[in-house]
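Notes follow the structure.
The values are calculated or read from the model by the stated rules, or taken from the named source; none is laboratory data. All of these numbers come straight from a predicted model, not from anything done at the bench. Here Cβ is always computed from backbone atoms with ideal geometry, including for glycine, and neighbour counts include all displayed protein chains. When the accessible area is computed, the model is the full protein with side chains, heavy atoms only, and any ligands, DNA or RNA have been set aside. Shrake-Rupley method; radii C 1.70, N 1.55, O 1.52, S 1.80 Å.
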Amino acid sequence: QVQLVDSGGGLVRAGDSLSLSCAASGLTFGTHYMGWFRQAPMKEREFVAFISWAGTARYYADSVKGRFIISRDNAKDTVYLQMSSLNPEDTAIYYCAATQTITRRPADVDYWGQGTQVTVSS
């Protein structure tokens, strides 16, 4: 059974930093694009960032570009999201995602993590 376990969320203040992790199992990790989506209350799930299987290409939503960094360690079957300069608009449940090809559409994602809550206070 494929499992993506995301973690690292919490409550922080505006301007702070936070790092998320996602550990994969039951998945050929190196053959998948890995990334993150988020969903705020009353909003649709939206793309945040993706990284290619070799880590040579990274893609970011305009809203997080320059503030978030995605990385992966295939030897550890883990993907990370380093978030800095957080603001209240970043408050959402963050979901780890795996897909066979690059996508910015939630409907194209093959596997999801259970989500980890990030709350940024002003």
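With the convex hull drawn over the C-alpha atoms of region 31-85, the volume per residue is 89 Å³. For region 30-94, trypsin sites (Lys or Arg not before Pro) are listed when DSSP marks them as loop and at most 14 other Cβ atoms sit within 10 Å of their Cβ; the list is Lys43, Lys65.
Between Ala14, Ala107, Ala40, the GNM of the chain built on Cα springs shorter than 10 angstrom shows Ala107 fluctuating the most. The residues of the chain have, on average, 52 Å² of accessible surface per residue, using a 1.4 Å probe with all protein chains present. Across the accessible surface of the chain, with the other protein chains kept in place and a 1.4 Å probe, carbon and sulfur atoms take up 48 percent.
Once the cut-off is 21 Å, how many percent of the Cα-Cα pairs in the chain end up in the long-distance tail? Numbers along the way, then the final one.
Details: 2189 of 7381 pairs.
Distances greater than 21 Å cover 30 percent of the Cα pairs.
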